[in-house]
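Trainee: So that we are looking at the same thing, I have put the structure below in structure tokens.
The values are calculated or read from the model by the stated rules, or taken from the named source; none is laboratory data. These numbers come from a predicted model, not from an experiment. FYI the Cβ positions are ideal-geometry reconstructions off the backbone, even for glycines, and counts take in every protein chain you see. Heads up: the accessible areas ignore ligands, DNA and RNA and are worked out on the full protein's heavy atoms, side chains in. Shrake-Rupley method; radii C 1.70, N 1.55, O 1.52, S 1.80 Å.
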Amino acid sequence: MKDITFGQYFPAKSFVHSLNASVKILLTIAFIVAVFLVNQYYFLGFALCFLFILITTAFAKIPFTKLLSSVRAVVFIVVFSAVLQVFFNKTGKVVFSWRFIKITDAGVYTAIYITVRILLIVIGASLLTYTTSPVEIADGLEFLLYPLKVIRFPVHEFALIMSIALRFIPTLMNETGRIIKAQKARGADFESGNIFKRAKALIPVLIPLLISAFRRADELADAMDARCYAGSKKRTKYKKATFSFRDAIGFITLGGLIAGVVLLNGFFGVIV
Amino acid sequence: MQIKVNDLSYIYSENSKDLYYKALNNLNLTIEEGDFFGIIGHTGSGKSTFIQHLNGLIGLQKDRGSIVIGDFDLSDKKCDYRALRSKIGMVFQYSEYQLFAETVFEDVAFGVKNFFKGITEKETEELVKNALTMVGFDYTVIKDKSPFELSGGQKRRVAIAGVIVTKPEILILDEPLVGLDPKGKGEFISLLKNMHGKDVKTIIIISHDMNFICENCNRVAVFSKGKIFKEGTPKEVFNNGEELISLGLELPLTAYLENGLKKCGITVESDLSVEDFVSSYTKRYKGDKV
Ligand SMILES: Nc1ncnc2c1ncn2[C@@H]1O[C@H](COP(=O)(O)OP(=O)(O)OP(=O)(O)O)[C@@H](O)[C@H]1O
Ligand SMILES: [Mg+2]
């Protein structure tokens, strides 16, 4: 469980870290849009997206190995969908056939396409979480969702719920590890038996975990009450997010990326 | 069963630059059968990491030492951890949070059903009854209660019953006294003393309560930075108080008293248990008078 580093904040002082969180969220969305814009048959746009990732990573002072570890969490999904495409896509020309297995060029193409797409999106999203602490992300979301106040959406409460949830993920992971160990010491066996048996073996872990989550929630609520927390009414912020020239640079770069992708699509669409 | 630990090292998050942590560093320790063994040390000195090795909850890392417990060689790939865990009971810190079943009976019986496959209902009941009585409950009153309606101290006793129910030879406890009131603590200590030597042969206990350690353990090991800083009888360990205090630990009350009296020119020599201290002091005091 410790190996899942996807989405863990990586503190550093860098250009990317110092960007406004709301801006980074918008840029991440824009990046995903750019990835989706890449033409299905001409992959050059992907190269541009990848270049963007590399440059951003360098500017964020994040070790490149971190990118790999963020990918590790989705390896299964990626391999699964690629295999599905390769073996079951029946459109296009058959390039390989053996008994009942027929592999088509379109199948291989789509497999690569989907794989690269998922990987880029995962890496892009994890760049956001690597460079932005959970609290900042929640604050950034709150700012972005502010217009929803008009339709009485409880934006502040929503952001608070988000940041509390994010804050408790590592705590609950630790707790899970602890309880698993305690039950193992009493002979619990999580590794053998069929799927039903294994699911049943989890009960002694899940129940204490739930109880402790409720206990923590209770304690937190009490602590907030004791500090006179009263929702979104007239709250000021300790850390005020500001916009700066750097954020403009971010927008310009991403605008460039999208434009580049669209251009590459069109360019090759015309030539080939 | 004797526990023999040789050159044990353990590194957390070996492959990560920022999380890399050497929690145990060439640790050597032998715990004899029949010991009431105390482990003390500042936070983060590796005590919990160490004891979790003893029943295989933390596996040995390659080429980082060996542990032999009775016939079990933990560095052997074929070591039967299940059998080992039935011999070595482990009570975790805040063990009351591991309860999960609908009734106290079922919760205590959990270990029995895991370790003794094919045991009859009647035998199970016998074992559970034994364990609950041992930790000071009235079996008929407690067995059908929900563990969640008990007080914290009671829950902890149920959790311990759930561990000793399978009659382990060695019982390991990680800071079991934390958060108990004086009465609960007293009851808990006499429970341990009662079990020791009869129901469980060896007790290993981590505690920050020096008075308890000094009063009850026959051997004490001081952990510091993943190593054994010092090991011996309470007298040997606590005699030179300065070095323990510099490690961020305290001394048992009797050691403070002996040191204080020494400064006033009164030398009292005891094994640092309250009883022995009082009798030595009285002897000395009366001797002065004469
Ligand atoms: N899962 C883990 N991953 C990384 N480091 C860990 C992990 N568990 C413990 N550590 C580190 O190992 C060191 C030793 O921890 P351990 O729990 O053994 O200490 P301890 O002596 O039991 O302390 P305490 O008295 O606070 O219980 C600590 O510095 C801790 O930060
Ligand atoms: Mg500990």
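Trainee: Of all residues in segment B:156-169, which are free of Cβ contacts under 8 Å to residues at least 60 places away in the same chain and open to solvent by 40 Å² or more (accessible area, probe 1.4 Å)?
Mentor: If the condition is that a residue be free of Cβ contacts under 8 Å to residues at least 60 places away in the same chain and open to solvent by 40 Å² or more (accessible area, probe 1.4 Å), then B:Arg157, B:Lys167 are the ones that fit.
Trainee: May I pose another question? Could you tell me whether B:Asn239 is open to solvent by 80 Å² or more (accessible area, probe 1.4 Å) and under 27 Å from B:Ser224 (Cβ atoms)?
Mentor: So B:Asn239 fits the description; yes.
Trainee: For the condition within 17 Å of the chain's Cα centre (by Cα) and open to solvent by 40 Å² or more (accessible area, probe 1.4 Å), what is the one hit in B:Tyr12, B:Tyr94?
Mentor: The unique qualifying residue is B:Tyr94.
Trainee: OK, next. Of all residues in segment B:15-28, which are more than 16 Å from ligand 2 (Cβ to nearest atom) and free of Cβ contacts under 8 Å to residues at least 40 places away in the same chain?
Mentor: Scanning segment B:15-28 gives B:Asn15, B:Ser16, B:Lys17, B:Asp18, B:Leu19, B:Tyr20.
Trainee: Please determine whether any residue of segment B:172-188 is within 16 Å of ligand 1 (Cβ to nearest atom), in contact with a strand residue (DSSP E or B) (Cβ under 8 Å, 6 or more places away or on another chain) and open to solvent by 10 Å² or more (accessible area, probe 1.4 Å).
Mentor: Looking through segment B:172-188, at least one residue is within 16 Å of ligand 1 (Cβ to nearest atom), in contact with a strand residue (DSSP E or B) (Cβ under 8 Å, 6 or more places away or on another chain) and open to solvent by 10 Å² or more (accessible area, probe 1.4 Å).
Trainee: Moving on to the next point. Of these, A:Ser81, A:Ser18, which one is in contact (Cβ under 8 Å) with a residue 12 or more places away in the chain and surrounded by 15 or more Cβ atoms within 10 Å (Cβ to Cβ)?
Mentor: A:Ser81
Trainee: A:Phe214 - would you say it is within 14 Å of chain B (Cβ to nearest Cβ), under 30 Å from A:Arg235 (Cα atoms) and open to solvent by 60 Å² or more (accessible area, probe 1.4 Å)?
Mentor: yes
Trainee: Any idea how many residues of segment A:217-244 are open to solvent by 70 Å² or more (accessible area, probe 1.4 Å) and within 28 Å of the chain's Cα centre (by Cα)?
Mentor: Total satisfying the criteria: 7.
Trainee: Kindly provide the set of residues from segment B:38-83 that are crowded, with 18+ Cβ neighbours inside 10 Å, more than 16 Å from ligand 2 (Cβ to nearest atom) and at positive phi, ordered by number.
Mentor: Of everything in segment B:38-83, those that are crowded, with 18+ Cβ neighbours inside 10 Å, more than 16 Å from ligand 2 (Cβ to nearest atom) and at positive phi turn out to be B:Gly56, B:Gly65.
Trainee: Which of the residues belonging to segment B:109-133 are among the aliphatic types (A, V, I, L, M), more than 27 Å from B:Lys47 (Cβ to Cβ) and assigned to a helix (DSSP H, G or I)?
Mentor: Of everything in segment B:109-133, those that are among the aliphatic types (A, V, I, L, M), more than 27 Å from B:Lys47 (Cβ to Cβ) and assigned to a helix (DSSP H, G or I) turn out to be B:Ala109, B:Val112, B:Leu127, B:Val128, B:Leu132.
Trainee: Count, please, the residues in segment B:140-154 that happen to be more than 14 Å from every other protein chain (Cβ to nearest Cβ) and open to solvent by 80 Å² or more (accessible area, probe 1.4 Å).
Mentor: Residues flagged as more than 14 Å from every other protein chain (Cβ to nearest Cβ) and open to solvent by 80 Å² or more (accessible area, probe 1.4 Å) within segment B:140-154 amount to 3.
Trainee: Considering segment B:54-101 alone, what residues qualify as being part of a helix (DSSP H, G or I) and more than 9 Å from chain A (Cβ to nearest Cβ)?
Mentor: B:Leu54, B:Ala83, B:Leu84, B:Lys87, B:Glu96
Trainee: Follow-up question, since we're still on this one. Scan segment B:134-143 and tell me whether some residue there is part of a loop (DSSP other than H, G, I, E, B) and aliphatic (A, V, I, L, M).
Mentor: Yes, that holds for at least one residue.
Trainee: For residues that are part of a strand (DSSP E or B) and farther than 21 Å from A:Tyr113 by Cβ, scanning just segment A:88-100, find the one that is most open to solvent (accessible area, probe 1.4 Å).
Mentor: Residue satisfying both the conditions and the ranking: A:Trp98.
Trainee: Specify the residue that is farthest from the other protein chains (Cβ to nearest Cβ); the eligible residues are those in segment B:114-139 that are surrounded by fewer than 14 Cβ atoms within 10 Å (Cβ to Cβ) and modelled with pLDDT of 90 or more.
Mentor: It comes out as B:Asp138.
Trainee: Oh, and also: Condition (residue is open to solvent by 20 Å² or more (accessible area, probe 1.4 Å), within 20 Å of the chain's Cα centre (by Cα) and more than 14 Å from chain A (Cβ to nearest Cβ)) applied to segment B:17-28: is it met by at least one residue?
Mentor: Yes, that holds for at least one residue.
Trainee: Ok, one more. Taking only segment A:32-87 into account, find how many residues are closer than 25 Å to A:Ala12 by Cβ and part of a loop (DSSP other than H, G, I, E, B).
Mentor: The qualifying residues number 5.
Trainee: Just wondering, is there one or more residues in segment A:87-99 that are out of contact with any helix residue (DSSP H, G or I) (no Cβ under 8 Å at 6 or more places or on another chain) and in contact (Cβ under 8 Å) with a residue 40 or more places away in the chain?
Mentor: The answer is no, given that none of the residues of segment A:87-99 is out of contact with any helix residue (DSSP H, G or I) (no Cβ under 8 Å at 6 or more places or on another chain) and in contact (Cβ under 8 Å) with a residue 40 or more places away in the chain.
Trainee: Further, regarding this structure: From the list A:Gly107, A:Gly177, exactly one residue is in contact with a strand residue (DSSP E or B) (Cβ under 9 Å, 6 or more places away or on another chain) and either more than 14 Å from chain B (Cβ to nearest Cβ) or in contact (Cβ under 8 Å) with a residue 12 or more places away in the chain (or both). Which is it?
Mentor: A:Gly107
Trainee: Continuing with this model, one more query. Got a number for residues in segment A:101-120 being among the polar types (S, T, N, Q) and either open to solvent by 50 Å² or more (accessible area, probe 1.4 Å) or part of a helix (DSSP H, G or I) (or both)?
Mentor: Qualifying residue count, segment A:101-120: 2.
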